[in-house]
Structures are given as C-alpha cells and as structure tokens.
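Enquirer: The structure that follows is given in the form of structure tokens.
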Amino acid sequence: MKQVFSHSITLVPDTDSLDNQYLFRLATDIASLIIVDLAELLKEFRNDRVEFKKDYKLWNQVYPTEKELDLFRTVVEKSLVDGRKVHIINCTLREEVLLVRELYEELGYFDAKENRFVVPFATVPVTIGVNIRNLVYSTKDYKSKRESICFIPPPRESGHVKTLFAAINSWVVSTVGINNLSTEKELLKTLLETEKINLTTLAQVMYGNFMEMGCQVGKTEEWRVELS
C-alpha cells in the first residue's frame with residue numbers, strides 16, 4: 001500500500017509494494033475566517049416560484065447561476081478593495097473560474113514551462129474551492145437522481161463541470177471539499193478511476209492546500225482505496 005502526499009507517493013512500511021491500494025489523509029471540519037461559503041450566501045435567494053418537482057432539472061434555477069455569479073463577484077471585489085484574503089468555497093461556474101484565472105495571470109502566477117499556475121496559496125488574495133458533489137453530478141443527472149441531488153449550489157450544466165476539472169489540474173481551483181466521507185468514498189474513487197484527477201493532485205486539494213492557506217482543520221480522516 002502507498003501513502004499519497006501532495007508532492008510524493010511513498011510505500012507504507014510492511015505492506016505490499018505491488019498492490020493497487022492507496023492511503024490518503026483528508027481534511028474535514030475545516031474552519032477559517034477567510035472562508036466564504038457560496039452555498040450559505042445562496043440560501044437567502046431561493047426562488048420558490050420554480051416548480052422543480054414537476055421537472056427536477058429546474059432545481060438548477062431555484063438557485064440560478066446568475067445569482068451565484070453576482071454573489072461571487074461581490075465577494076471578490078470586496079476582498080480586493082479591502083485587501084483581505086478570501087477563500088470562496090462551493091464554486092460551480094465556468095465564469096468564476098475564468099475570473100480567478102485572469103487574476104492569477106495578472107499577478108504573474110502562470111508558469112509557461114509547467115503549463116499551469118504556481119500559486120502561493122498562503123498569500124494570494126483570492127482562492128476558490130469546489131465541492132465533490134458538484135464535480136460528480138451535472139444537470140444530466142437530475143432525471144435519474146431526482147431530489148437526491150437537490151443540494152446547494154445545484155449541479156450545473158456539464159460544461160461548467162468540465163471547466164472545474166481543468167481548473168483543478170491547472171491549480172486555479174485550490175481545494176475540494178467533502179460532506180461525509182462514509183457516503184462519498186465512491187465519488188472520490190470515481191474521480192481517480194476516470195483519470196480526471198491524479199493521485200497527488202487529489203491529496204493536495206483535499207488536504208495540503210487547506211494547510212498551506214492556514215485553515216483550521218478540526219479533523220482528518222484516513223481514506224484507503226483500491227484502484228483497478
């Protein structure tokens with residue numbers, strides 16, 4: 001079994017080096033004064049006129065993209081004006097990623113040789129995070145999952161999800177949050193088995209970057225996974 005860290009993979013002592021088992025440390029119960037949760041901000045703007053139970057795909061409009069983007073821009077602008085670092089979690093939109101990407105380009109964080117951003121997460125004024133559920137589900141899943149995926153922010157269109165993955169791998173998205181490891185192990189495994197994220201990147205966005213930003217991690221959990 002191998003232990004996966006942000007920048008390396010090492011053999012766990014007294015285990016088989018040839019097996020396909022991997023051990024991760026995941027940060028949970030995370031708190032920090034720099035965190036702004038879009039899910040909490042959106043709750044105030046629920047549109048009860050949308051009859052989503054007649055067509056669950058309409059859940060996407062109960063908390064519409066336009067309102068999320070407006071809230072996101074407001075938080076970013078206030079952070080830059082006030083000179084106060086902010087980490088915005090539960091982001092779901094392509095436009096949010098592009099806004100932060102442009103900021104990182106202006107700050108000179110893009111490394112052409114590495115073809116990705118090299119971001120000092122401890123000091124950069126704005127960082128963003130996504131939730132595991134918004135990486136796995138999109139509007140195409142409403143037909144089969146119905147009310148079981150009526151979370152906040154809602155699953156968005158697949159184009160937004162694709163952009164989020166690209167942003168994780170280019171280091172524009174810095175963290176991935178989970179809600180309950182016991183029920184979301186398979187979601188994490190799916191990310192690895194579909195090769196949408198590699199082992200060390202997953203370790204960094206689910207633990208290393210939280211620590212680098214100085215967040216208070218109230219609990220860490222070990223996750224063992226066997227990949228096919």
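Enquirer: Tally up the residues in the stretch 177-223 that are in a helix (DSSP H, G or I) and either in contact (Cβ under 8 Å) with a residue 12 or more places away in the chain or under 15 Å from the mean Cα position of the chain (by Cα) (or both), please.
Expert: Of the residues in the stretch 177-223, the ones in a helix (DSSP H, G or I) are 181-193, 199-212.
Adding the requirement that they be either in contact (Cβ under 8 Å) with a residue 12 or more places away in the chain or under 15 Å from the mean Cα position of the chain (by Cα) (or both) leaves 181, 184-185, 187-193, 199-212.
Of the residues in the stretch 177-223, 24 are in a helix (DSSP H, G or I) and either in contact (Cβ under 8 Å) with a residue 12 or more places away in the chain or under 15 Å from the mean Cα position of the chain (by Cα) (or both).
Enquirer: Considering only the stretch 120-131, how many residues are modelled with pLDDT under 95 and within 17 Å of the chain's Cα centre (by Cα)?
Expert: 1
Enquirer: Residues Leu93, Leu99, Leu135: which one is within 29 Å of Thr194 (Cβ to Cβ) and in contact with a His (Cβ under 7 Å, 6 or more places away or on another chain)? Step through it out loud before you land on a result.
Expert: Working: Leu99 fails: in contact with a His (Cβ under 7 Å, 6 or more places away or on another chain); Leu135 fails: in contact with a His (Cβ under 7 Å, 6 or more places away or on another chain).
Result of the check over Leu93, Leu99, Leu135: Leu93.
Enquirer: When you go through (1) touching an Asp or Glu at 6+ places or on another chain (Cβ under 7 Å); (2) over 30 Å from Ala203 (Cβ atoms) one by one for Ile132, which number turns out not to apply?
Expert: If we test Ile132 against (1) touching an Asp or Glu at 6+ places or on another chain (Cβ under 7 Å); (2) over 30 Å from Ala203 (Cβ atoms), just (2) comes out false.
Enquirer: Tell me, which residue of the stretch 18-48 that is in contact with a Lys or Arg (Cβ under 8 Å, 6 or more places away or on another chain) and not in a strand (DSSP E or B) is nearest to Leu199 (Cα to Cα)?
Expert: Top of the filtered list is Ile34.
Enquirer: What number of residues in the stretch 110-136 are in a loop (DSSP other than H, G, I, E, B), hydrophobic (A, V, I, L, M, F, W, C) and without any contact (Cβ under 8 Å) to a residue 40 or more places away in the chain? Show your work before the answer.
Expert: Taking the stretch 110-136 and keeping what is in a loop (DSSP other than H, G, I, E, B), we get 112-115, 118-125.
Narrowing the set further to residues that are hydrophobic (A, V, I, L, M, F, W, C) leaves 112, 118-119, 121-122, 124.
Then drop every residue that is not without any contact (Cβ under 8 Å) to a residue 40 or more places away in the chain, which leaves 112, 124.
The qualifying residues number 2.
Here is a yes/no grid of residues against (1) surrounded by fewer than 19 Cβ atoms within 10 Å (Cβ to Cβ); (2) assigned to a helix (DSSP H, G or I); (3) within 18 Å of the chain's Cα centre (by Cα); (4) at pLDDT below 95:
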site: Glu66; (1), (2), (3), (4): yes, yes, no, no
site: Asp70; (1), (2), (3), (4): yes, yes, no, no
site: Val76; (1), (2), (3), (4): no, yes, yes, no
site: Ser79; (1), (2), (3), (4): yes, yes, no, no
site: His87; (1), (2), (3), (4): no, no, yes, no
site: Glu95; (1), (2), (3), (4): yes, yes, yes, no
site: Glu105; (1), (2), (3), (4): yes, yes, no, no
site: Gly108; (1), (2), (3), (4): yes, no, no, no
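Enquirer: What pairs come up if the first residue lies in the stretch 156-173 and is more than 18 Å from Asn198 (Cβ to Cβ), the second is among the aliphatic types (A, V, I, L, M) and surrounded by fewer than 15 Cβ atoms within 10 Å (Cβ to Cβ), and their beta carbons are under 7 Å apart, counting only those six or more places apart or on different chains?
Expert: Pairs found: none.
Enquirer: Next question. If we keep just the residues of the stretch 165-176 that are of a type in the set (A, V, I, L, M) and not in a loop (DSSP other than H, G, I, E, B), which is farthest from Thr123 (Cα to Cα)? Don't jump to the end; show me each part of the working.
Expert: At the first step, the residues of the stretch 165-176 found to be of a type in the set (A, V, I, L, M) are 166-168, 172-173, 176.
Within this subset, residues satisfying the condition of being not in a loop (DSSP other than H, G, I, E, B) are 166-168, 173, 176.
Numbers: Ala166: 23, Ala167: 19, Ile168: 19, Val173: 15, Val176: 19 Å.
In this case the residue turns out to be Ala166.
Enquirer: Among the listed residues Arg133, Arg146, Arg116, identify the single one that is surrounded by 16 or more Cβ atoms within 10 Å (Cβ to Cβ) and basic (Lys, Arg). Working first, answer last.
Expert: Values: Arg146 fails: surrounded by 16 or more Cβ atoms within 10 Å (Cβ to Cβ); Arg116 fails: surrounded by 16 or more Cβ atoms within 10 Å (Cβ to Cβ).
Unique residue meeting the criteria: Arg133.
The values are calculated or read from the model by the stated rules, or taken from the named source; none is laboratory data. Here the structure is a predicted model, which means the values were calculated and not measured. Cβ atoms come from the backbone with ideal geometry, glycine included; neighbour counts cover every protein chain shown.
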